[in-house]
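Undergrad: The structure is given below, and queries will be raised subsequently.
What follows draws every value from the coordinates through simple rules; no lab data is involved. Note that the structure is a prediction, hence the values are computed from the model and not measured. All Cβ positions, glycine included, derive from the backbone under ideal geometry; neighbour counts span all protein chains shown.
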Amino acid sequence: MMIGLDCGTPELLFERYAADMPALSALRARSLWGPLASTAPPITVPAWSCMLSGRTPGELGVYGFRNRTDHSYDGLGFATSRAIRVPRLWDLLGAAGRESVVLGVPGTYPPSPIRGSMVSCFLTPSTDTRFTFPAELGEEVQRVTGGYMLDVADFRTDDKDRVAQQVFDMTEQRFALARHLATTRPWDLFAFVDMGPDRLHHGFWHYCDPAHPKYEPGNRWATLFRDYYRAVDRHLAGLLEALPDDTTIVVASDHGAQPMLGGFCLNEWLVRQDLLALAEPPAGPTPIGKAKIDWSRTLAWGDGGYYGRLFLNVEGREPCGTIPAREYENVRQELVERLEALTDHQGRPMGTRALRPEDLYPEVRGVAPDLIVYFGNLRWRSVGSVGLDGGLYTFDNDTGPDEANHAEQGVFLLAGDGLPTGQRDDLAIYDVAPTLQSLFGLPGQPGQRGRVLA
Amino acid sequence: MTIGPIAGNPVPDPAAEAGDLAAPGLAQDGDPLAAAEDVYSSAEEAEVAARLTALGYLD
């Protein structure tokens, strides 16, 4: 049984709320456990697919939720289940005649035919579409849950009461459905992911973390994380209680979270560096994809999100490329140096990292960013929009309230009869698939990353 | 000097990429990186994009 807590953060689950989570702490006492180094970048898509395949984002050709489909300027596509061209654990088990139940694991929409059952992930547009395999399972899911919640709706709001309630409800529902499915059908692998922690962290981090610059002692949400993790622990205890005593348990997350200090306006910066030319000034805040760009005078542009994606406009590659092929590495190196020299709004070194995909991955497929940028080592988000009219730094997220960014360490616990126990500080997301394959008696896959931990 | 491994790589041929990595049951048709149009209607894609933007994943 793999219990996935999206954005599960070691500082919260292993430290701050350990006493509030007796079931998880008791499980940890009989586990091999520790922080889990995530993928680079530490983003939900592709991290869960990397965890369950033992492949890097480069090998999957998936660098985030939306990827360039070609070298045009507007070719973007969501990374759906069809983008994952390598077997994940349930595929290997199915080929070996073993049954799986897969519930809400990111990277599973549209649902695939597997040996067992699948309820697809939060990238499902709605439950009006086919969101389960087999299709008739959808009716059962709707009946059992009273209306299945794919995600928190309308997250972009200041109605914090509603968002908080939805997060609590979604988590309760997800665990209840897991318990139902786990007790009504056969399985060798049960893998489910709850998105609740991620949504809670993004919506409420500054209310609950005294280390966040915007934290105000005594605010009305100050105990929300504690209350939520107490609830998670109750749900976890209920699920564990329903399982046979000899069930091997994994608790894992795809990445952690940390305070977000602000946003850095990547494209505004490129404009000021004379690397990005706008054909006309935007009338107001404008996503880069909708801005009018003079490509004939542009050397680089970027996308926003929890990390920055920087693309170079290369002759012979992009339609109106401006960087001669022979200058590509020089330009990229110059950008690395400029980005890593950035200072924050108070002139202090920001600690930005600009990473080359081929340095991160043994193989780079699809259309990767030319640079993957962690502003402030992920303590700042990347703002892709232009026309913000407020300089390079922004502290009001115009895409919605959000005060947490991802962190590179998630969590991992593995508990089972005869398995090793104790804390480890060298665990990596790529170790999960080979370890679970080994426990199932399956061989490692050619080219798979990671180690067998137990 | 060449463009380098990233720039030098053409968009991969999906059929060649699937190759021996694909497992039984995995979808193998279509370009995986252009799958959004196959998977989502334009309204559905807009709905998912709006949700991800609100969450901060897209900007």
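Undergrad: So which residues in the stretch A:239-298 are surrounded by fewer than 21 Cβ atoms within 10 Å (Cβ to Cβ) and of a type in the set (S, T, N, Q)?
TA: Listed by number, the residues that qualify are A:THR247, A:THR248, A:GLN273, A:THR286, A:SER296.
Undergrad: Let me ask something additional. Taking the conditions exactly as written (within 14 Å of another protein chain (Cβ to nearest Cβ), over 26 Å from A:PRO210 (Cα atoms), surrounded by 16 or more Cβ atoms within 10 Å (Cβ to Cβ) and touching a residue at least 40 places away in the same chain (Cβ under 8 Å)), does A:VAL367 satisfy them or not?
TA: yes
Undergrad: Suppose we filter the stretch A:118-144 for residues that are under 23 Å from the mean Cα position of the chain (by Cα), without any contact (Cβ under 8 Å) to a residue 60 or more places away in the chain and assigned to a loop (DSSP other than H, G, I, E, B); how many remain?
TA: Qualifying residue count, the stretch A:118-144: 6.
Undergrad: On to the next question. Working only within the stretch A:378-398, note down all residues that are out of contact with any Phe, Trp or Tyr (no Cβ under 9 Å at 6 or more places or on another chain) and closer than 28 Å to A:GLY75 by Cα.
TA: Answer for the stretch A:378-398, where residues must be out of contact with any Phe, Trp or Tyr (no Cβ under 9 Å at 6 or more places or on another chain) and closer than 28 Å to A:GLY75 by Cα: A:SER385, A:VAL386, A:GLY387, A:LEU388, A:ASP389, A:ASN397, A:ASP398.
Undergrad: Can you find even one residue in the stretch A:19-42 that is over 26 Å from A:GLY422 (Cα atoms) and surrounded by 24 or more Cβ atoms within 10 Å (Cβ to Cβ)?
TA: yes
Undergrad: Name every residue in the stretch A:39-58 that is within 15 Å of A:ALA368 (Cβ to Cβ) and either at the interface with chain B (Cβ under 9 Å from one of its Cβ atoms) or part of a loop (DSSP other than H, G, I, E, B) (or both), in order of residue number.
TA: A:THR39, A:ALA40, A:PRO41, A:ILE43, A:VAL45, A:ARG55, A:THR56, listed by residue number.
Undergrad: Applying the selection to the stretch A:269-298, what residues are of a type outside the set (Ser, Thr, Tyr), touching a residue at least 24 places away in the same chain (Cβ under 8 Å) and part of a helix (DSSP H, G or I)?
TA: A:TRP269, A:LEU270, A:VAL271, A:ARG272, A:ILE288, A:GLY289, A:TRP295, A:ARG297 - these are the residues of the stretch A:269-298 that are of a type outside the set (Ser, Thr, Tyr), touching a residue at least 24 places away in the same chain (Cβ under 8 Å) and part of a helix (DSSP H, G or I).
Undergrad: Go through the stretch A:230-268 and report how many residues are closer than 27 Å to A:ILE429 by Cβ and assigned to a loop (DSSP other than H, G, I, E, B).
TA: 9
Undergrad: Filter the stretch A:349-383 for residues that are closer than 19 Å to A:GLY263 by Cα, assigned to a loop (DSSP other than H, G, I, E, B) and touching a Leu at 6+ places or on another chain (Cβ under 6 Å) and give the result.
TA: Hits for the stretch A:349-383 are A:MET350, A:THR352, A:ARG379.
Undergrad: Just to verify a result, which residue in the stretch A:126-163, among those that are within 27 Å of A:HIS201 (Cα to Cα) and among the acidic types (Asp, Glu), is surrounded by the most Cβ atoms within 10 Å (Cβ to Cβ)?
TA: A:ASP151
Undergrad: Sticking with this structure for a sec: Is it true that some residue in the stretch A:65-84 is in contact (Cβ under 8 Å) with a residue 40 or more places away in the chain, more than 11 Å from chain B (Cβ to nearest Cβ) and crowded, with 24+ Cβ neighbours inside 10 Å?
TA: There is no residue in the stretch A:65-84 that is in contact (Cβ under 8 Å) with a residue 40 or more places away in the chain, more than 11 Å from chain B (Cβ to nearest Cβ) and crowded, with 24+ Cβ neighbours inside 10 Å.
Undergrad: Restricting attention to the stretch A:292-310, which residues are of a type in the set (Gly, Ala, Ser) and more than 9 Å from chain B (Cβ to nearest Cβ)?
TA: A:SER296, A:ALA300, A:GLY302, A:GLY308
Undergrad: I want to confirm something. Restricting to the stretch A:311-348 and keeping residues that are assigned to a strand (DSSP E or B) and within 30 Å of A:PHE395 (Cβ to Cβ), which single residue is farthest from the other protein chains (Cβ to nearest Cβ)?
TA: Within the stretch A:311-348, the match that is farthest from the other protein chains (Cβ to nearest Cβ) is A:THR343.
Undergrad: Pull up the stretch A:383-411, narrow it to residues that are closer than 23 Å to A:LEU60 by Cα and of a type in the set (Gly, Ala, Ser), then point me to the one that is farthest from the other protein chains (Cβ to nearest Cβ).
TA: By that ranking, first place goes to A:GLY410.
Undergrad: On to the next question. What are the residue pairs meeting all of these: first residue in the stretch A:92-115, first residue within 7 Å of another protein chain (Cβ to nearest Cβ), second residue among the aliphatic types (A, V, I, L, M) and assigned to a strand (DSSP E or B), Cβ atoms under 8 Å, and 6 or more apart or on different chains?
TA: Every condition considered, the pairs that remain are A:SER112/A:MET118; A:ILE114/A:VAL102.
Undergrad: Of the residues A:ASP169, A:ASP154, A:ASP161, which is within 14 Å of chain B (Cβ to nearest Cβ) and over 18 Å from the mean Cα position of the chain (by Cα)?
TA: Checking each option against the conditions leaves just A:ASP154.
Undergrad: When you go through (1) more than 28 Å from A:ARG68 (Cβ to Cβ); (2) touching a Ser or Thr at 6+ places or on another chain (Cβ under 9 Å); (3) surrounded by fewer than 20 Cβ atoms within 10 Å (Cβ to Cβ) one by one for A:ALA415, which number turns out not to apply?
TA: That leaves (3) as the condition not met.
Undergrad: Output the residue which, of all residues in the stretch A:74-117 that are part of a helix (DSSP H, G or I) and within 19 Å of the chain's Cα centre (by Cα), is nearest to A:LEU436 (Cα to Cα).
TA: Checked the stretch A:74-117; the qualifying residue nearest to A:LEU436 (Cα to Cα) is A:LEU89.
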